[in-house]
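Here the structure is laid out as structure tokens; the discussion comes afterwards.
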Amino acid sequence: MELFDRFDRVQYNNFELTNILRRVKPIKQVLERINVYHKYTIKEGERADTIAHDYYNDSTYAWLVYIANDIYDPYYQWPLTHPQMFNYLTRKYGDYYQTQVDIKHFKNDSYDFTVSPFTFDQWTQEQRVGWYSQTIYDWEDEENEKKRYIKLVSNRYLDQINQQVSALFN
């Protein structure tokens, strides 16, 4: 039985849905007691269920991959594939190819902030030293790539996690 089969069901707009929010906090508390995680980099096109299958030998542990990484909306919090990124940028900005040209902001690796093109244009040549432009595409791609770095709960804790999570539903 999958974890989500144990969750309460709710009616919403004539659909029966799983209420995942009700029990996530206690599960997070169980995971906070586990202090052995392994770093993992999501490969292009990988999904939580395939990672769970490869690492835990059971694709139904996709929930553990999500919850251990505070992922509650895989559509927006999981890295997009290249075709998905193309579609996303086209929907969001209207023209995928223009995102590779249009400047999002200016960056300087010595500072933890960015400035708008308007602000940058007001600066003197001296103030501009060390700053460089970042296109919309490069920024969106950088944000997407950050999502590739996750942690996996050590598989030696699966029995303990299963026991504690089961106790939450009894």
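Name the single residue, out of those in region 91-110 being under 12 Å from Y132 (Cβ atoms) and free of Cβ contacts under 8 Å to residues at least 24 places away in the same chain, that is nearest to the chain's Cα centre (by Cα). The selected residue is D109. Only residues that are modelled with pLDDT of 70 or more, surrounded by 14 or more Cβ atoms within 10 Å (Cβ to Cβ) and not in a loop (DSSP other than H, G, I, E, B) were counted in region 1-54, giving 8. Residue check: S110 meets all listed conditions (1) open to solvent by less than 70 Å² (accessible area, probe 1.4 Å); (2) out of contact with any strand residue (DSSP E or B) (no Cβ under 6 Å at 6 or more places or on another chain) but one, namely (1). Restricting attention to region 66-100, the residues being modelled with pLDDT of 95 or more, touching a strand residue (DSSP E or B) at 6+ places or on another chain (Cβ under 9 Å) and over 14 Å from D141 (Cβ atoms) number 0. In region 139-166, the residues that are closer than 14 Å to D58 by Cβ and assigned to a helix (DSSP H, G or I) reach residues that are hydroxyl-bearing (S, T, Y) and open to solvent by less than 40 Å² (accessible area, probe 1.4 Å) with C-beta atoms within less than 7 angstrom, at least six apart or across chains, in these pairs: N155/Y56; L158/Y56.
Each row is one residue, and each column tells you yes or no for (1) farther than 23 Å from N162 by Cα; (2) open to solvent by less than 40 Å² (accessible area, probe 1.4 Å); (3) in contact (Cβ under 8 Å) with a residue 24 or more places away in the chain; (4) not in a helix (DSSP H, G or I).
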site	(1), (2), (3), (4)
W63	no, yes, yes, no
I67	no, yes, yes, no
Y76	yes, no, no, no
L80	yes, yes, yes, yes
F86	yes, no, no, no
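Name the residues in region 125-141 that are among the aliphatic types (A, V, I, L, M) and under 13 Å from I103 (Cα atoms), would you?
Of region 125-141, the ones among the aliphatic types (A, V, I, L, M) are 129, 136.
I136, the sole residue that qualifies.
Limited to region 121-138, what total is found for residues that are open to solvent by 70 Å² or more (accessible area, probe 1.4 Å) and part of a strand (DSSP E or B)? Walk me through how you get there before you give the answer.
Initial filter on region 121-138 (open to solvent by 70 Å² or more (accessible area, probe 1.4 Å)): 121-122, 124-127, 129, 132, 138.
Next, only the ones that are part of a strand (DSSP E or B) stay: 132.
Adding up the residues that qualify gives 1.
The values are calculated or read from the model by the stated rules, or taken from the named source; none is laboratory data. Since the model is a prediction, treat every value here as computed from it, not as a measurement. Please note: Cβ atoms are built from the backbone with ideal geometry, for glycine as well, and neighbour counts cover all protein chains shown. These area figures cover heavy atoms from the full protein model, side chains too; ligands, DNA and RNA do not enter into them. Shrake-Rupley method; radii C 1.70, N 1.55, O 1.52, S 1.80 Å.
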